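Here's the structure we're looking at; comments come further down.
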Amino acid sequence: MSSFNGSQPVRPQIRLAVLGDSDSHAFHDAATLNYGTSEARGGEQQASTWQWTEILGQLRPMDIDQGPFGEVGSSGVGAWLRRHLLGSLVRQHKQDFRYNFAISGAGCEALTDSTRGQAPLLLAEMARDPKGWEAVPAVVVIRIGINSLGKKADLDTFARTGADAAALARVQACGDAVTEAVTSLKAQHPKLNIILVGILNNVDWPPLHRKFQSAQEQTNIAAVMDAYDDRLRNLARRVDGVRFFDDRAFFRNRFGARDASGKPAYKSVGLGGSRAVGVTQGDEPWNAVIGDGHAGTVWNGLWAGQMVNEFNQIPGVHIAPITPPEVARMADPDDRFGLASKK
């Protein structure tokens, strides 16, 4: 992809690795996500439809070392045989930053799976260049859980049952996987900084805005999401260098929420131009969510900016904040959609 030159930053302030799902898998992946075709995320707007790590790669490449952008992992018969017959650890094929192990469709179990676990794969990557991982602060963002606890069928169940024994067992399984990943990473790299991202509540996803429009349903669903976040919070309290990031609070602060009765009461976000961005769905950048259901460039840009703020809590790290005009230019580089100020 021409937007990424594949070179390492000269003097990065941090080295960043990511474990997770499609929320952190590069949208501009031509190997497995069809970038460059009509099926790519963002459709006709795919060239300016960016995921949050890609935005960091565009806006702060000299400060944040994510590894070169290119094809990683293996696919095909050989990879299948190594996994299933030999039990080997094999990275899944995609086009992304080298230190980004997030893969579309991943659930919590993907963190520790014996043949494609993201945490073991990261540890193997770190073993290739231990001095590089110690030269600057190293940060791992773990953002996962929505495919294990947040699909429509899950929310349908939680809306009826709340945080019952079955729901809490699922939360525990997911939390156990995160805990195992953190424990293994910190055991070998005690100075590692880890950010545990709490789960989003997919009642805020535009295709579901017409559902769960009662206060009781909202309370029941939130109880399960709270249980998962509490598990991560407690882990962060116990382990040095681990912090919790409240993703639902971030969404509420930027885009609002449902009202007390469960009805949508969202707000739009302005970036300085004539058109604001709402909690709507479509590939045009004034939609917070793109056509295929993932966060769009503006949401990802604001999220990337918040991650920079999180990184800046590490002693000695001073990365310039990402500004609304920068996000607007990422989403609307030709000023066709009115997101950016004309000044």
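The values are calculated or read from the model by the stated rules, or taken from the named source; none is laboratory data. It should be emphasised that the depicted structure is a prediction, and the values quoted were computed from it without experimental measurement. Here Cβ is always computed from backbone atoms with ideal geometry, including for glycine, and neighbour counts include all displayed protein chains.
Considering only the range 173-181, I want to know if a residue exists there that is over 24 Å from R238 (Cα atoms), touching a Leu at 6+ places or on another chain (Cβ under 8 Å) and at pLDDT 95 or above.
No, the conditions are met nowhere in the range 173-181.
Within the group R237, R231, which residue is touching a helix residue (DSSP H, G or I) at 6+ places or on another chain (Cβ under 7 Å) and part of a helix (DSSP H, G or I)?
None of the other options fit; the residue is R231.
Scanning the range 172-187 for residues that are farther than 11 Å from Y228 by Cβ, under 20 Å from the mean Cα position of the chain (by Cα) and hydrophobic (A, V, I, L, M, F, W, C), which turns out surrounded by the fewest Cβ atoms within 10 Å (Cβ to Cβ)?
A177
Being in contact with a helix residue (DSSP H, G or I) (Cβ under 9 Å, 6 or more places away or on another chain), at pLDDT 95 or above and under 16 Å from G20 (Cβ atoms): is that true of L121 here?
Answer is no for this residue.
When you scan the range 281-295, how many residues do you find that are closer than 21 Å to V18 by Cβ and touching an Asp or Glu at 6+ places or on another chain (Cβ under 8 Å)?
Total satisfying the criteria: 3.
Output the residue which, of all residues in the range 76-87 that are surrounded by 14 or more Cβ atoms within 10 Å (Cβ to Cβ) and at pLDDT 65 or above, is nearest to R116 (Cα to Cα).
R83
Scanning for something closer than 30 Å to S48 by Cβ and either touching a Leu at 6+ places or on another chain (Cβ under 6 Å) or without any contact (Cβ under 8 Å) to a residue 40 or more places away in the chain (or both), does the range 224-247 turn up at least one residue?
yes
Consider L302 carefully, then state whether it is farther than 26 Å from A320 by Cβ and in contact (Cβ under 8 Å) with a residue 24 or more places away in the chain.
It is false that L302 is farther than 26 Å from A320 by Cβ and in contact (Cβ under 8 Å) with a residue 24 or more places away in the chain.
In the range 130-182, what residues are β-branched (V, I, T) and touching a residue at least 12 places away in the same chain (Cβ under 8 Å)?
Selection gives V136, V139, V140, V141, I142, I144, I146, T161, V171, V178, T179, V182.
If we only count helices (runs of 4 or more DSSP H) wholly inside the range 130-195, which ones have 2 or more residues that are farther than 30 Å from V317 by Cβ?
It comes to 146-149, 152-161, 165-188.
Which one is modelled with the lowest pLDDT, of the residues in the range 90-110 that are in a loop (DSSP other than H, G, I, E, B) and under 16 Å from A17 (Cβ atoms)?
Step by step, filter the range 90-110, then rank; the result is R91.
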